[in-house]
Amino acid sequence: MRQRHSAVRLYTPQQAEPKGHLREKGRTGWLGFFRKLFWYWWLWIAAAFVAQGADHDNLAIVCAVVGFVFYLLAPGEHIPRFGLDSKFPVQSHEFLTTIVGATGVPFIHNNNVTILNNGDEFYPAMLEAIANAKKTITMETYIFWPGETGRKFAEAMAERCRSGVRVKLLLDAFGSLSIGKEIQNVLKEGGCQVEWYNRISPRTIGRFNLRNHRKSLIVDGRVAFTGGAGIGDQWTGNGQDLAHWHDVQIRVEGPGAMSLQTGFAQNWLETTGELVSGAEYYPPTDSAGNVSTQTIFSSPKSGSSAIRIMYDLSIVSARKTIYIANPYFIPDDSLLEILVDARRRGVDVKIMVAGIHNDMRVSRYASIHLYGLLLEAGIEMYEYNRTMLHQKTMVVDHTWATVGTTNFDSRSFSLDEESNVCVYDRKLAEKLESIFKEDLKHCDRVTLDEWRHRGIRKRVFGEICVFLKEQI
């Protein structure tokens, strides 16, 4: 979004519908109803009491254990089901004011924003920013893995730390578990402050399933990066083969970088009890460009996903195109319905997912199982088969775009800490569209006939994986 909106066409908002006339989206059938019952932890606990009363002690223990596990795994998100009808287009002031009001996140003006395609572009830019750090470097990431790339980043941050720069690194205790002693020693000996988000212990047993899936680097509170890539050798290169994944990052220079700093500071406070403060982390908001950014966070602690709300509003407001690239595409019933609605009102909907090189087989089988409803509506489904596709991007109506860490599934919306940067800017949207269209050359389009004749293995595993989709 640029600061001036004189070119945006104005639309007259429709009269609000009475609450009783709102149409529910994603109403589940009997199968969905029983699937939800299966996940209700309190039913298992009740079954344990019944079994105990009937002197079936072993069955009671099994039911109690299952109930306890389901209680720990249960997502707490409040999913929108009403108010998802199309009322105004993306290219309207109503959309912009609604996206701000519904997510609670304002647009931050005066930024320079760059889209970085693949590791050959984003890793050098990130390392250059670290090398130029004057006061602070903060990073929170789900993945920091051993290897040459991890070593490069550790050595770069350690070098700046020895020069007086304050370095704080927050690693997810599950995703970065394999970081190794070598890299940890480099960071520690350099004086970097390294902490672990949500270590698994008796004290955190009630939230062990909640992970920090964000990947943010912020330098001097002024330059920030986020997107799908963690720190690992598989993201190097240009997505040219199976050893090099395809991913997209976004670089924000200017006042908008402070938004990602806020997300880091909140998780750092939760983990360490330390309040991050001062001008070295939150510098004056000097202008760096003419692009406005909206940085939206998703957290299971909030009870509802602001990023899901952004996706919902973007899809129902689309009038021309929706291009989604996401490796783990497992939409719930309401998201499926609004995507189908968009196609029925004439929107060109193209969805690109990780294909045969998907590193999460459970996610792939669940995704394939859901193709049918989308294909029947005329939505185009593409499987990227050059290497592992890992970016999380969406472009709507050649104008509105988002890049971030959020997968299109229940885990990202309900259980993980996530972040997405959104822009209302035609030039940046066209850049993402050009990447999307180039990627189509390496995709196989899925046809409805092919889907209907998929093998028995995909059918059976698909049914099972969809049954478990709240956790994948």
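I'd like to check which helices (runs of 4 or more DSSP H) are fully inside segment 385-472 and have at least 3 residues that are in contact (Cβ under 8 Å) with a residue 24 or more places away in the chain and within 29 Å of I99 (Cα to Cα). Lay out the reasoning, then the answer.
Numbers: elements: 410-414, 426-440, 448-452, 456-467.
Once the helices (runs of 4 or more DSSP H) in segment 385-472 are filtered for at least 3 residues that are in contact (Cβ under 8 Å) with a residue 24 or more places away in the chain and within 29 Å of I99 (Cα to Cα), what remains is 410-414, 426-440.
Taking (1) closer than 24 Å to R386 by Cβ; (2) surrounded by fewer than 20 Cβ atoms within 10 Å (Cβ to Cβ); (3) within 23 Å of the chain's Cα centre (by Cα); (4) of a type outside the set (G, A, S) in turn, D241 satisfies each apart from (3).
Let's see how each residue does on (1) touching a strand residue (DSSP E or B) at 6+ places or on another chain (Cβ under 9 Å); (2) among the hydroxyl-bearing types (S, T, Y):
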residue	(1), (2)
I250	yes, no
A265	yes, no
G273	no, no
S314	yes, yes
A318	yes, no
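Suppose we filter E77, E94, E128 for residues that are in a helix (DSSP H, G or I), of a type in the set (D, E, K, R) and touching a residue at least 24 places away in the same chain (Cβ under 8 Å); which single one remains?
E94
In the set E195, E159, which member is out of contact with any strand residue (DSSP E or B) (no Cβ under 9 Å at 6 or more places or on another chain) and acidic (D, E)? Let's see the steps before the verdict.
Values: E195 fails: out of contact with any strand residue (DSSP E or B) (no Cβ under 9 Å at 6 or more places or on another chain).
After ruling out the rest, the residue left standing is E159.
Of all residues in segment 280-307, exactly one satisfies the criterion of being of a type in the set (D, E, K, R) and modelled with pLDDT of 95 or more, namely E280.
So is T293 of a type outside the set (A, V, I, L, M) and within 24 Å of the chain's Cα centre (by Cα) or not? Here the answer is yes, as T293 does meet what is asked. Would you be able to say whether some residue in segment 436-444 is surrounded by 20 or more Cβ atoms within 10 Å (Cβ to Cβ) and either within 19 Å of the chain's Cα centre (by Cα) or outside the structural domain of L374 (by TED's automatic domain parsing) (or both)? Checking segment 436-444: at least one residue is surrounded by 20 or more Cβ atoms within 10 Å (Cβ to Cβ) and either within 19 Å of the chain's Cα centre (by Cα) or outside the structural domain of L374 (by TED's automatic domain parsing) (or both).
The values are calculated or read from the model by the stated rules, or taken from the named source; none is laboratory data. Being a predicted model, the structure only gives us computed values, none of them experimental. Backbone-built Cβ (ideal geometry, glycine too); neighbour counts: all protein chains shown.
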